[in-house]
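Structure in structure tokens, see below.
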Amino acid sequence: MREEQALRRIVIVGGGTAGWMSAAPLAQLLGLGDHAASCEIVLVESPEIGTVGVGEATLPTIRFYNRTLQLDNAEFIRKTQATFKLGIEFKDWGHLGNRFFHGFGDFGPAIVNRSSILHWLRLNVDGALGNHEDLSTATVMARRNRFVPPAGDQPSAANAYSYAFHFDAGLYAAYLRDYAIARGVKREEGTIVDVSLRPGDGFVTAVTLADGRRIEGDLFIDCSGFRGLLIDGVCQVGYHDWTHWLPCDSAQAVPCVRVEPLTPYTTSTARSAGWQWRIPLQHRTGNGHVYCSGYTSDEEARHVLMQNLDGAALGEPRQLRFKTGMRQKAWDRNVVAIGLSSGFLEPLESTSIQLIMDGVGRLIELLPDRRCDRHLADEYNRRMARQYESIRDFIVLHYKLTQRDDSEFWRYCAAMSIPDALEHQIETFRRSGRVAILDPDSFSEPSWVSLFLGLGCRPERHDPLLRQVDDQALLGHFERLRHAIAATVSDMPDHAAFIERHVCAEPLEAVTP
């Protein structure tokens, strides 16, 4: 990059979780240190525009984001009222009374270069080996409300799992705001009323605020939420509407008081026209009902939500509307959309914050100069589209494999067409036990297996190479693995007690981000 073409100012339009999660790593990379900033970063947010702020559950990669920023883990947990997350418990998905767990981790070490769970499935045709979830350390920990970070360098039951966090998204945004401002980000408060474009190529050159201030920039990051102030209002890139595959278009969210025990997992309970989330934090529990307005009314959805809280509500439910899908381009000209401005996938698998992290991470990887070369934009759009589509299909899988026929909504889901790529993945597993991973940046094999098995999809045939291992040796292996996991978890502390001892009461010396 020649000096005269280097970015001089990046303008982030919108605060909230997406805005400050974008600002923080850019500030670390480009902001003030012991010398003058190489590129100024300005974030514009309006106090008149609220944030959605329902994305309180995360995936394990949030730890790597925090680690990259060199955040103090104990301070982060205290300031965001965070708890630990080992996975998601699903209730009444697949069929009424069904219950399964999507845990963060595998089902034991690979055997002759094949996943352990595939060997287990071949042996367990008659169900005599019990539940595959007994082979998941994260799942057994969740059942017993235990938590301690993975320990040791050698593969064992004590480190065959991962974890993420539940946190207050508003508090997290405020925490990152302080981080970013301390590293040189300039915050401007005001409402954008006009956008200036460069003649000829349509690049955004400046935004004008209601009080007349004009903020110029070379690269603009649109974090304005569903509104898509720049990516939609100016660039008009178009939108891929996925509501025929994911028909839920509404949600109501309400916090309630914390109840015991403090569970180290998110809960998702299927309802007659959607599903309900439960996210435990230190100071409260987050709850919400995601539903399709074509199959229930807002009043009935509110009733279902409020009747199924496990603690006293701390207010009235907040109504949200959305259209599931993604922008046809997340990067157009010198505008990059990150967060809800780039698209929306319902929070069934806690992917909202993941997509923000990957969005800003790819932008940093492909950071342009002032010319914003279209090939960089094309590569960014290709990778973001692949990830959005893969996550979309993973979420569609939850609905499509249902055996529920107790409501019009679930009958629609069972009968609906699905993307060809997902049909291929389902049939590949059903016919051979193999898992087709189409995007290495999205969910991995153990996650897909958890969903397939939890929703009742079993392979009809198996990889012939699995028969190379002696059946009795395998049976002994799985029995030892089951006992090792049970014994390891028995020695772990209670989740709430771990937080109180290592985070709230004293520095978290032994825990890495």
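The values are calculated or read from the model by the stated rules, or taken from the named source; none is laboratory data. Just so we're clear, the structure is a prediction, and the values are computed from it rather than from any experiment. A quick note on method: Cβ atoms are made from the backbone with ideal geometry, for glycine too, and the neighbour counts reach across all protein chains shown.
I need the full set of residues from region 482-512 which are more than 21 Å from PRO60 (Cα to Cα), in a loop (DSSP other than H, G, I, E, B) and modelled with pLDDT of 95 or more, in order please.
Result: ASP491, single match.
While we're on this one: Find the residue count for region 408-430, including only residues that are part of a helix (DSSP H, G or I), surrounded by fewer than 20 Cβ atoms within 10 Å (Cβ to Cβ) and polar (S, T, N, Q).
1
Does VAL336 satisfy the condition of being out of contact with any Asp or Glu (no Cβ under 6 Å at 6 or more places or on another chain), hydrophobic (A, V, I, L, M, F, W, C) and surrounded by 23 or more Cβ atoms within 10 Å (Cβ to Cβ)?
Details: out of contact with any Asp or Glu (no Cβ under 6 Å at 6 or more places or on another chain): yes; hydrophobic (A, V, I, L, M, F, W, C): yes; surrounded by 23 or more Cβ atoms within 10 Å (Cβ to Cβ): yes.
For VAL336, the condition - out of contact with any Asp or Glu (no Cβ under 6 Å at 6 or more places or on another chain), hydrophobic (A, V, I, L, M, F, W, C) and surrounded by 23 or more Cβ atoms within 10 Å (Cβ to Cβ) - is met.
Could you check region 220-244 and list, in sequence order, the residues that are within 16 Å of ILE41 (Cα to Cα) and touching a helix residue (DSSP H, G or I) at 6+ places or on another chain (Cβ under 9 Å)? Steps first, answer last, please.
Step one: list which residues in region 220-244 are within 16 Å of ILE41 (Cα to Cα), which gives 220-223.
Selection gives ILE221, ASP222, CYS223.
What number of residues within region 431-450 satisfy the criterion of being more than 16 Å from the chain's Cα centre (by Cα), of a type in the set (A, V, I, L, M, F, W, C) and crowded, with 17+ Cβ neighbours inside 10 Å?
Restricting attention to region 431-450, the residues satisfying the condition of being more than 16 Å from the chain's Cα centre (by Cα) are 431-438, 445-446, 449-450.
Adding the requirement that they be of a type in the set (A, V, I, L, M, F, W, C) leaves 435-438, 449.
Next, only the ones that are crowded, with 17+ Cβ neighbours inside 10 Å stay: 435, 449.
Result for region 431-450: 2.
Among the listed residues ALA313, ALA330, which satisfies the condition of being in contact with a helix residue (DSSP H, G or I) (Cβ under 7 Å, 6 or more places away or on another chain), of a type in the set (A, V, I, L, M) and surrounded by fewer than 16 Cβ atoms within 10 Å (Cβ to Cβ)? Can you show your working first?
On the way: ALA330 fails: surrounded by fewer than 16 Cβ atoms within 10 Å (Cβ to Cβ).
Result of the check over ALA313, ALA330: ALA313.
Okay, moving on. Output the residues belonging to region 198-208 that are touching a strand residue (DSSP E or B) at 6+ places or on another chain (Cβ under 6 Å) and of a type outside the set (Lys, Arg). Outline the logic, then answer.
From region 198-208, those touching a strand residue (DSSP E or B) at 6+ places or on another chain (Cβ under 6 Å) are 198, 204-208; that's our starting set.
Listed by number, the residues that qualify are VAL204, THR205, ALA206, VAL207, THR208.
A further question on this structure: For region 260-293, name all the residues that are of a type in the set (Val, Ile, Thr) and under 23 Å from LYS79 (Cβ atoms).
Residues of region 260-293 that are of a type in the set (Val, Ile, Thr), as a first pass: 263, 266-267, 269, 279, 285, 290.
Result: THR263, THR266, ILE279, THR285.
Residues that are more than 19 Å from SER350 (Cβ to Cβ), touching a helix residue (DSSP H, G or I) at 6+ places or on another chain (Cβ under 8 Å) and outside any loop (DSSP other than H, G, I, E, B): does region 82-104 have at least one?
No, that holds for no residue.
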